Amino acid sequence: DWESNHRYYVNTKGWDLSNPQNEELTISTMSFVIDRSSPTSVINAPADGANLASRTGQITGTSNDDAGFPEKAGTYKVWVEIYDVDISSYWNSGTTTWQTADYWLESNDNEPDWIVSVNTNSWTDTHQYRIRIKAQDKAGNWQYGSPGYTYFYYDETPPTSGVTTPEDGKFYSE
């Protein structure tokens with residue numbers, strides 16, 4: 001059985017059938033790593049349940065593949081999906097529009113920190129958004145979300161307040 005997170009080496013050397021026999025002078029060596037586990041990736045910002053008063057231009061997080069093991073494949077890519085809950089649509093950074101089909105934005109970095117840049121015009125005031133991530137390591141193992149979804153609100157509208165009772169300028173006995 002192949003052991004996960006272990007580097008294996010293959011050495012080859014050849015001889016032919018001539019007389020006298022010819023021997024390969026250089027040994028050919030290659031190595032490979034078995035990695036059966038998925039990477040882990042989390043969203044750091046915006047935080048789950050956040051209420052943002054300004055337009056964020058980045059979604060950030062961390063990713064790791066087999067932390068603590070010296071031999072590992074490493075994280076290949078992290079992707080982010082942004083969903084506007086209020087209009088039931090996904091953000092497409094290529095067309096800079098919202099669409100009904102899933103769309104994944106590719107991160108700029110992979111391990112340990114990743115960043116996805118987002119057009120600040122994509123956010124609509126008073127809307128709720130859902131973010132989902134997926135990551136793949138260099139061995140082809142996938143991880144979907146940790147946690148499954150991150151939700152946040154974007155609300156730049158300042159609140160208004162007023163007093164209705166007591167009425168301005170009136171007199172009250174109690």
Once you order the gyration tensor axes a ≥ b ≥ c over the Cα atoms, which shape class does segment 1-86 get: rounded for a/c under 1.5, otherwise prolate or oblate by comparing a/b with b/c? prolate
For the full complex of protein chains and a 1.4 angstrom probe, list LEU105, LEU52, LEU17 by accessible area with the highest value first. LEU17, LEU52, LEU105
Under the Debye formula (equal points on every Cα, no solvent term), log10 I(q)/I(0) of the chain at q = 0.12, 0.16, 0.19 Å⁻¹: -0.69, -0.95, -1.16
Just to confirm a number: summing +1 for Lys and Arg and -1 for Asp and Glu over residues other than LYS13 whose beta-carbon lies under 11 angstrom from that of LYS13, what do you get? -2
For a test of the definition: using alpha carbon positions, the gyration tensor, and the 1.5 limit on a/c, classify segment 121-174 as rounded, prolate or oblate. prolate
How high is the relative contact order of segment 56-169? Use alpha-carbon pairs under 8 Å, at least six apart in sequence, and give a whole percent. 28
Step through the residues of segment 89-96 one at a time and calculate ³J(HN,Hα) from phi using the Karplus curve (6.51 cos²θ - 1.76 cosθ + 1.60, θ = phi - 60°), rounding each to whole Hz and writing x for Gly and Pro. 9, 9, 7, 10, 6, x, 9, 6
In nm², what is the average projected area of the convex hull enclosing the Cα atoms of segment 48-94? 5.5
With +1 on the Cβ of every Lys and Arg and -1 on the Cβ of every Asp and Glu, the dipole magnitude of the chain about its Cα centre, in debye rounded to the nearest 20, is 200
Which lysines, if any, have their Cα less than 25 Å from the Cα of LYS77, not counting same-chain residues under 8 positions apart? LYS134, LYS138
Can you tell me which of GLY61, GLY162, GLY14 moves the most in a GNM of the chain? Springs connect C-alpha atoms under 10 Å apart. GLY162
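The values are calculated or read from the model by the stated rules, or taken from the named source; none is laboratory data. Note that this is a predicted model, so its numbers are computed, not measured. No Cβ is skipped: glycine too gets one built from the backbone with ideal geometry, and neighbour counts run over all protein chains shown. Accessible surface areas use protein heavy atoms only, side chains included; no ligands, DNA or RNA. Shrake-Rupley method; radii C 1.70, N 1.55, O 1.52, S 1.80 Å.
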